[in-house]
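The values are calculated or read from the model by the stated rules, or taken from the named source; none is laboratory data. Since the model is a prediction, treat every value here as computed from it, not as a measurement. Using ideal geometry, Cβ is built from the backbone for each residue, glycine included, and neighbour counts are taken over all protein chains shown.
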Amino acid sequence: MYSPDADGLLAEQLLRLTRRLHRSQKRQLESADIAITPAQSRLLRTVAHYDAPPRMADLAARLEVVPRAVTSLVDGLEASGRVRRVPDPANRRVVRIELTDAGRDTLRQLRTARRAAAEDILAPLTAEQREVLGGLLSALVDARPERHC
């Protein structure tokens with residue numbers, strides 16, 4: 001029989017596993033001599049998902065952060081040559097953010113580090129167990145959160 005305490009244990013296990021995944025990915029990036037914060041990494045991945053260079057406001061909305069936070073992240077990524085600010089061709093007062101070749105290269109290295117970290121974490125599981133876990137995680141990620149009053 002499933003107890004309410006089990007939910008708390010599951011939450012703790014998920015948090016511990018997430019921390020292990022982040023530490024492993026960080027080690028992978030450090031060994032490749034990639035200096036990037038998790039927030040910068042997330043911003044790069046977000047920029048890459050747009051078909052055209054997004055506006056700063058688009059990024060803030062997608063990341064669910066205040067625009068100032070995006071400005072700070074873009075400043076750091078621009079200083080490292082991973083993104084650049086470009087004027088919008090239709091409205092020169094609007095600034096858009098585009099990936100540079102260095103940014104695309106960093107994204108490839110981030111993906112490689114993430115795959116290696118996942119392989120490290122998932123190594124004890126069989127292919128069938130990984131498939132089951134993937135299905136369960138997808139169900140949780142895709143579920144719409146219910147509002148409890």
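Points to keep in mind about this one:
- Residue match in the range 11-18 (condition: farther than 24 Å from Gly81 by Cβ, within 16 Å of the chain's Cα centre (by Cα), surrounded by 13 or more Cβ atoms within 10 Å (Cβ to Cβ) and of a type in the set (Ser, Thr, Tyr)): no
- Arg62 modelled with pLDDT of 95 or more and basic (Lys, Arg): no
- Here Thr71 clears all of (1) over 23 Å from Ala11 (Cβ atoms); (2) not small (Gly, Ala, Ser); (3) not in a helix (DSSP H, G or I) except the condition numbered (3).
- Residue in the range 118-128 that is touching a strand residue (DSSP E or B) at 6+ places or on another chain (Cβ under 8 Å) and of a type outside the set (Val, Ile, Thr) present: no
- Each residue in the range 43-61 was checked for being among the charged types (D, E, K, R), in a helix (DSSP H, G or I) and buried (at least 16 other Cβ atoms within 10 Å of the Cβ), and 1 pass.
- Residue in the range 107-129 that is of a type in the set (Lys, Arg) and either over 14 Å from the mean Cα position of the chain (by Cα) or not in a helix (DSSP H, G or I) (or both) present: no
- Selection count, the range 71-110, where residues are surrounded by fewer than 16 Cβ atoms within 10 Å (Cβ to Cβ), under 28 Å from His22 (Cβ atoms), among the β-branched types (Val, Ile, Thr) and touching a strand residue (DSSP E or B) at 6+ places or on another chain (Cβ under 9 Å): 1
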